[in-house]
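This report refers to the structure that appears directly beneath it.
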């Protein structure tokens, strides 16, 4: 039963062994640390770069143009904001040349709140990422999805962004959602692929034999069936939505919960089908609420499903404030938490048209 | 021009250029100048929305194009150019009519299909990566192709060009850091063509450094400032610098002092300026003194290219514009369209 960070590590290993992944790089990505979150421990093609996000993204584009499948890490998405024009460039390589060039590259970066990361370790990036056409964008909420989505990013011939909800990095797979081939015993897996503390000079990982899993972009997952209201979420807020829906089930409110998993392309057919069935929709994420990706989904819901709606669709997102404050009370008030999600689902489910 | 060389380059740049090579350089310089003047004429006649280019840089850019090892893949040079490299492209063998197509933003424009400004080239088969209007990211993107070439071995190098004003951007400093990492120095020829202007702002008011090439010193990067208005000097120095990068697999920073003969772009009028040295005039004077060409021959050559491109202009004007509904094409490359080497 892997954690998300272990699943990412296993996917990187599979890609370096079987899918021509040539470089995994960024600040502290190579030995001895193997990444701020340990996601790159034991990866043979991992190396340390200068502390320079623009250099990292630029080098990633160049490697992609040279045909090298690479994964470039921005240690926290909070440090990616000065790279946005380079991301624009990456997203433009194919379009601006009318198909002459392509750029296989994956930017991986931890996103969101949930670890009391204060102002500059709590930003979300999904609203920004979805404003950059030319990228495929994945954001997992389970270790298995992280494994399968990251492999899809790496083998894609286009620029991809892999957003990792940092609050979920240490969360383990649920029973039945394991990666085939991984040991069921978490201690056994840890002994195989977690680097020991202290001197790691002689440490070698023992990789489990895990298969290729490619979760397609644009294929959401319905994590809970329900008839009364559709809840669309992704990343850190997804498990909270599932939990809230389970609790509301005891009140007789049956919410259908969809994990979007990829933000571009995204699984509109699944959302449409569900909302046509329930007539009610709540979109939940933790990025700031103004020009939020959930607003786009609401716009589409209203435009295309207006006559199927029994209540106004609603967005529950992060407060539109410059940052997430450090104090526990500030973080709780800034981004959606379980009680507010539960209340929002209930309100949408019960609102009379 | 003074040198800031830390170590001698591997080949002494004092070889004589053959008369044949000098005539070839001259021919390409004339062709390039005529092309840029035609592009400006197209702009002024309403056959294009914007002009930007490199008239005045031919003495450096033509030798650069002749010396690039053109081809596809890591064993050939990767070219990260900016929008003043038209003469380099022509010297590499590009068709000037394609530049005119991009000027007129036609569907037949092979570099962008009418999507991008003129002189924003893209030639996959020659490793000419897409040129962008944004200033300086080519220096950090070039790091990536150079990393791949270093790993591959061989003699392929990454060539990056940019202007003097852009060196104020952080990406230039980033490139100096990344290409000279002790862990993995990179085979990059970093070119700065210094025309002493940033759009309308003179270099002298914004930059305290005496020479841009001096910035290479801090990183142990072989560096030099040369007279980019002299094609013979340019050819020898580029040749020597390239040989150093190819064989040593380390970076070289080459600053070439050049002129800007028609201002920044059409945004500043695209009118000829009188107070800048014209490299073509200077070279033609030498060729005449050496009796390699007569004035009449040079005038005839210019007239020939002017007529050819005027005729091409008439044809390009008739070529179709891209269709509006094509905007959604090529946002992504389908997996089954990935060509070998990608």
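Confirm whether residue B:133 is part of a loop (DSSP other than H, G, I, E, B) and over 19 Å from residue B:245 (Cβ atoms).
Yes; evaluated as a whole, the condition is true for this residue.
Across the range A:80-90, which residue is nearest to the other protein chains (Cβ to nearest Cβ) among those that are surrounded by fewer than 21 Cβ atoms within 10 Å (Cβ to Cβ) and within 22 Å of residue A:234 (Cβ to Cβ)?
A:84
Restrict the check to the range A:154-174 and report whether at least one residue is assigned to a helix (DSSP H, G or I) and touching a helix residue (DSSP H, G or I) at 6+ places or on another chain (Cβ under 6 Å).
So far as the range A:154-174 goes, yes, one or more of its residues are assigned to a helix (DSSP H, G or I) and touching a helix residue (DSSP H, G or I) at 6+ places or on another chain (Cβ under 6 Å).
Could you say which residue among B:110, B:130, B:137 is at the interface with chain A (Cβ under 9 Å from one of its Cβ atoms) and surrounded by fewer than 24 Cβ atoms within 10 Å (Cβ to Cβ)?
B:110
Filter the range B:163-211 down to the residues that are under 15 Å from residue B:225 (Cα atoms), surrounded by fewer than 19 Cβ atoms within 10 Å (Cβ to Cβ) and under 23 Å from the mean Cα position of the chain (by Cα) and list them by number.
B:196, the sole residue that qualifies.
In the range B:241-265, what count of residues is obtained for those that are crowded, with 21+ Cβ neighbours inside 10 Å and more than 17 Å from the chain's Cα centre (by Cα)?
3
Restricting the first residue to the range A:63-74 and requiring it to be touching a residue at least 40 places away in the same chain (Cβ under 8 Å) and within 9 Å of chain B (Cβ to nearest Cβ), which pairs with a second residue that is in a loop (DSSP other than H, G, I, E, B) and surrounded by 24 or more Cβ atoms within 10 Å (Cβ to Cβ) meet a Cβ separation below 6 Å and a spacing of at least six or different chains?
Within 6 Å, the pairs are A:64/A:103; A:64/A:104.
Among the candidates B:293, B:309, which residue alone is away from chain A (no Cβ under 14 Å) and part of a helix (DSSP H, G or I)?
The conditions single out B:309.
Hey, does the range A:273-286 have a residue that's over 16 Å from residue A:346 (Cβ atoms) and not in a helix (DSSP H, G or I)?
Yes: the range A:273-286 contains one or more residues that are over 16 Å from residue A:346 (Cβ atoms) and not in a helix (DSSP H, G or I).
From B:190, B:147, B:176, B:186, which residue is in contact (Cβ under 8 Å) with a residue 12 or more places away in the chain, more than 8 Å from chain A (Cβ to nearest Cβ) and part of a helix (DSSP H, G or I)?
B:176
Which of (1) in contact (Cβ under 8 Å) with a residue 12 or more places away in the chain; (2) at the interface with chain B (Cβ under 10 Å from one of its Cβ atoms); (3) assigned to a loop (DSSP other than H, G, I, E, B) does residue A:99 not meet, given it meets every other one?
(1)
Go through the range B:226-243 and give me each residue that's within 24 Å of residue B:156 (Cβ to Cβ) and assigned to a helix (DSSP H, G or I).
B:234, B:235, B:236, B:237, B:238, B:239, B:240, B:241, B:242, B:243
Just to verify a result, which residue in the range A:102-121, among those that are part of a loop (DSSP other than H, G, I, E, B) and either surrounded by 24 or more Cβ atoms within 10 Å (Cβ to Cβ) or on the phi > 0 side of the Ramachandran plot (or both), is nearest to the chain's Cα centre (by Cα)?
The selected residue is A:112.
Hey, can you tell me all the residues within the range B:37-75 that are under 12 Å from the mean Cα position of the chain (by Cα) and assigned to a loop (DSSP other than H, G, I, E, B)?
Residues satisfying the conditions are B:53, B:54, B:55, B:56, B:57, B:68.
Collect the residues in the range A:1-33 that are part of a loop (DSSP other than H, G, I, E, B) and surrounded by 22 or more Cβ atoms within 10 Å (Cβ to Cβ), keeping them in residue-number order.
Those that are part of a loop (DSSP other than H, G, I, E, B) and surrounded by 22 or more Cβ atoms within 10 Å (Cβ to Cβ): A:2, A:29.
Looking at the range A:4-33, which of the residues that are more than 13 Å from every other protein chain (Cβ to nearest Cβ) and at pLDDT below 95 is nearest to the chain's Cα centre (by Cα)?
Ranking the qualifying residues of the range A:4-33, first place goes to A:33.
Picking from A:290, A:231, A:223, which residue would you name as being surrounded by fewer than 16 Cβ atoms within 10 Å (Cβ to Cβ) and at pLDDT 95 or above?
A:290
The values are calculated or read from the model by the stated rules, or taken from the named source; none is laboratory data. Everything numeric in this text was worked out from a predicted model, so none of it was measured. Backbone-built Cβ (ideal geometry, glycine too); neighbour counts: all protein chains shown.
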